[in-house]
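Written out below as structure tokens is the structure these notes cover.
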Amino acid sequence: MLKGFVTVGAWTLVSRVLGFVRDIMIAAYLGAGPVAEAFLVAFSLPNMFRRFFAEGAFNMAFIPLFSKKLEAGDDAKGFAQDAFAGMIVILSVFTAIGIVAMPWLVTAMAGGFRGDERFDLAVGYGRIAFPYILFISLAALVSGVLNANKRFLAAAAAPVLLNVVFIAGVLIGAALGRPPSDMLGMGFDDMLGLRVGDTLALSVPIGGVAQLALVWWAASRAGFRLTIRRPRLTPELKKLAVIAAPAALAGGVVQINLLVGRQVASFFDGAIAWLNYADRLYQLPLGVVGIAIGVVLLPELSRRLQAEDTGGGRHALSRAAEMALTLTVPCAVAFVVIPLPVTATLFQRGAFGPEDTQATAWALAIYGLGLPAFVMQKVLQPLFFAREDTKSPFRYALVALVVNAALAIGLIPIAGYLAAALGTTLAGWAMVLLLLRGSRAMGAAATFDDRFHRRVWRILAASLGMGACLWLAMLGLDPLFAMAAFKVPALVGLVLTGMVSYYAIGTAIGAFALSDIRGAVRR
């Protein structure tokens, strides 16, 4: 299982690093202006439904059933083929509806755009980008087949292709954005931004096709060649639909949470871009650790349940949670202690100015407080999904929705655009508490072992000690961040300070063992 974590995490790290390169380029060319906000809303629409159809409801229901069929030798390939064919039909219809209804979708996502140039841009970009939902959902299904077969490489590497396509799109848009400055009455920067926005929108479906092609090829080599054919409503698919329905509702609640945040941000100029760039930063550890653990843990727990291996299931859960906190708690502390140097070094250039940096840094610090909660959700939710229980997470998601909406809307007079980030963070912690409470009825297999309880407080102590070292180092390096040539070396110095201090304190107090780290690296 640890080998799977490292494989998925390593490729996710490559993808997120390329994602940073992409976002740095977008920030430099588009800043937090209208084209940037329009594109970000347009791209978030298929992404939102992707989490709803693919990574959310469908895969959380599909992977446990598929894993158990594999374990029992019960025609897993036929089940996957039927699901693949059915998804093609459903999502093709949904894509066509989404393209036609794009003005209403943009209004639902960002009502503050109505009446200004961002609205028409977002509708146009959204119609170009929306077919991504079809390709990426099919890719997610095929990735689930690969993950259940313990073949994590291609599925983990596929997102790299999307970011490569995005980077190429930015470069092509920048090259094309060289018309005479008086063309259409626009200045050079306006035309450049529009060209980059156009090519970015086109990059979305192209990237989806590339991802689907890679995982489909890998699944074919693994003996699961899925083809386009007439769908059949089999008893297995009916069972899949029954299990997926509550998960779909839970996924819908989660997406409503996102809609609440976007709506709040859309009424503040630049806020959608600020929150997006902050989101990208905290998504790095969340993606590398949380998503990797969730991808590997769900089929692992499903197989353990099928084999009635209670001890193995408890061990898998405890080691997953331990690794998640070991790697993400120090990241959360760093985001709270040094958000401004991180944001300034990575994004402040070109159209992205000091005010944008400050606004993004505040959002990053708030998201950082919620990072451990976001990653623990990825650890705890498989406990329910592996047992084919999708109703409980739905009920918990409803409570989290109420918490998020109340805070995001109620705190606007006090916190402004940051109310959206505060709502997201506190709702994340509410969800974790509910998942922990709900898992008590599952018995010993859903509890953490003694080793986890011994180490969790030491991980927190080591992270706080690292935070103190970071703060002192930031005071010493602060003059260097005022000089453009020294920003990157200064940030590297802070990162190294954090890594060395966390490792030294953590090993000294027993937060983690050197043998664990060596074993993970070898695997």
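Summary of values
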| item | result |
| --- | --- |
| Candidate set: the range 75-113, residues that are under 30 Å from Gly223 (Cβ atoms) and polar (S, T, N, Q); chosen: the one modelled with the lowest pLDDT | Gln81 |
| Residue check, Thr425 touching a Gly at 6+ places or on another chain (Cβ under 8 Å) and of a type outside the set (Gly, Ala, Ser) | yes |
| Any hit, the range 474-481, residues being over 19 Å from Val342 (Cβ atoms), out of contact with any Phe, Trp or Tyr (no Cβ under 8 Å at 6 or more places or on another chain) and acidic (Asp, Glu) | no |
| Meets criteria (of a type in the set (D, E, K, R), in a helix (DSSP H, G or I) and either within 30 Å of Phe224 (Cα to Cα) or at pLDDT 85 or above (or both)) for Asp190 | no |
| Unmet criterion (only one of (1) under 20 Å from Phe43 (Cα atoms); (2) among the polar types (S, T, N, Q); (3) modelled with pLDDT of 75 or more) for Gln255 | (3) |
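The values are calculated or read from the model by the stated rules, or taken from the named source; none is laboratory data. Model, not experiment: these values are computed from the prediction. With ideal geometry, Cβ positions are generated from the backbone for all residues, glycine too; neighbour counts draw on all protein chains shown.
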